[in-house]
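Asks: If you scroll down you'll find the structure; I have some questions about it.
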Amino acid sequence: MGEARRRKVAGTYPPSGGPSKAARRLEWQTVVAAVGQFADEVLEGIGDASTIAIGPVVWDADAKHWYFTVASADADGTFRTDQFKIADNDRSLAEQSRGALVMRFAMHHPPLVIHSFDDELQMARFCEATWPCDMTRGLRLSIERDRAGSP
């Protein structure tokens, strides 16, 4: 396996529009377009590596945004993560974006093996077992330390 890398391909996607039906439809079209671009970036270079792990929607208290992480490996087996961020404090939009991404991956051909997690630690343990490297081990240890309340 190659060296692990963390890619910074994700942008921040704020919702647009307001309370009208037309504005909500525009917001959803914007989300679908952003998710589509993100999916294309995640899938770029995976080759025959068909396993994708999708983490839960999580609040980043320091940066004050919702996000979720997607883990995969490139064609050489190098572990990589991509993060989808929502600029506004809108958990619902983050959940919708995550769901749209799962659907986008489910329609991919050739088929992908999609692992969806509702717990970051479970995802980190899966990633460490699937793509063993210093980065996956470090991610797992970092989450375990956070949960134990250690620095």
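Asks: If Asp118 meets every condition in (1) surrounded by 15 or more Cβ atoms within 10 Å (Cβ to Cβ); (2) out of contact with any His (no Cβ under 9 Å at 6 or more places or on another chain); (3) under 14 Å from Gly55 (Cα atoms); (4) not small (Gly, Ala, Ser) apart from one, which number is that one?
Replies: Here Asp118 meets the rest and fails (1).
Asks: Tally time: how many residues in segment 126-138 are touching a residue at least 40 places away in the same chain (Cβ under 8 Å) and part of a helix (DSSP H, G or I)? Reasoning before the result, please.
Replies: Here is the first cut: in segment 126-138, the residues touching a residue at least 40 places away in the same chain (Cβ under 8 Å) are 126-127, 130-136.
Going one step further and asking which of them are part of a helix (DSSP H, G or I), we end up with 126-127, 130, 134-136.
Matching residues across segment 126-138 total 6.
Asks: Then there's this: Counting just the residues of segment 84-113 that are assigned to a loop (DSSP other than H, G, I, E, B) and in contact (Cβ under 8 Å) with a residue 60 or more places away in the chain, which one comes out surrounded by the fewest Cβ atoms within 10 Å (Cβ to Cβ)?
Replies: Restricting to residues being assigned to a loop (DSSP other than H, G, I, E, B) and in contact (Cβ under 8 Å) with a residue 60 or more places away in the chain, the top hit is Pro110.
Asks: Ok, one more. Has segment 82-90 got at least one residue that is touching a helix residue (DSSP H, G or I) at 6+ places or on another chain (Cβ under 6 Å) and over 24 Å from Arg140 (Cβ atoms)? Break it down into steps so the answer makes sense when it comes.
Replies: Within segment 82-90, the first condition is being touching a helix residue (DSSP H, G or I) at 6+ places or on another chain (Cβ under 6 Å), and the residues that meet it are 82, 84, 86.
Filter once more, so that each one left must be over 24 Å from Arg140 (Cβ atoms): 86.
Checked segment 82-90: at least one residue is touching a helix residue (DSSP H, G or I) at 6+ places or on another chain (Cβ under 6 Å) and over 24 Å from Arg140 (Cβ atoms).
Asks: Please tell me if Ser116 is farther than 16 Å from Gln37 by Cα, hydroxyl-bearing (Ser, Thr, Tyr) and in contact (Cβ under 8 Å) with a residue 40 or more places away in the chain.
Replies: Numbers: farther than 16 Å from Gln37 by Cα: yes; hydroxyl-bearing (Ser, Thr, Tyr): yes; in contact (Cβ under 8 Å) with a residue 40 or more places away in the chain: yes.
Here the answer is yes, as Ser116 does meet what is asked.
Asks: Could you say whether any residue in segment 46-58 is within 15 Å of the chain's Cα centre (by Cα), outside any loop (DSSP other than H, G, I, E, B) and surrounded by fewer than 19 Cβ atoms within 10 Å (Cβ to Cβ)?
Replies: yes
Asks: For Leu141, which of the numbered conditions (1) closer than 21 Å to Glu95 by Cβ; (2) surrounded by fewer than 15 Cβ atoms within 10 Å (Cβ to Cβ) fails to hold?
Replies: (1)
Asks: Can I ask one more? Regarding segment 110-130, can at least one residue be identified that is out of contact with any Ser or Thr (no Cβ under 6 Å at 6 or more places or on another chain), modelled with pLDDT under 95 and of a type in the set (A, V, I, L, M, F, W, C)?
Replies: no
Asks: Can you report the number of residues in segment 64-81 which are surrounded by fewer than 19 Cβ atoms within 10 Å (Cβ to Cβ) and under 25 Å from Glu128 (Cβ atoms)?
Replies: Residues in segment 64-81 being surrounded by fewer than 19 Cβ atoms within 10 Å (Cβ to Cβ) and under 25 Å from Glu128 (Cβ atoms): 5 in total.
The values are calculated or read from the model by the stated rules, or taken from the named source; none is laboratory data. What you are looking at is a predicted structure, and each value in this text was computed from that prediction instead of being measured. A quick note on method: Cβ atoms are made from the backbone with ideal geometry, for glycine too, and the neighbour counts reach across all protein chains shown.
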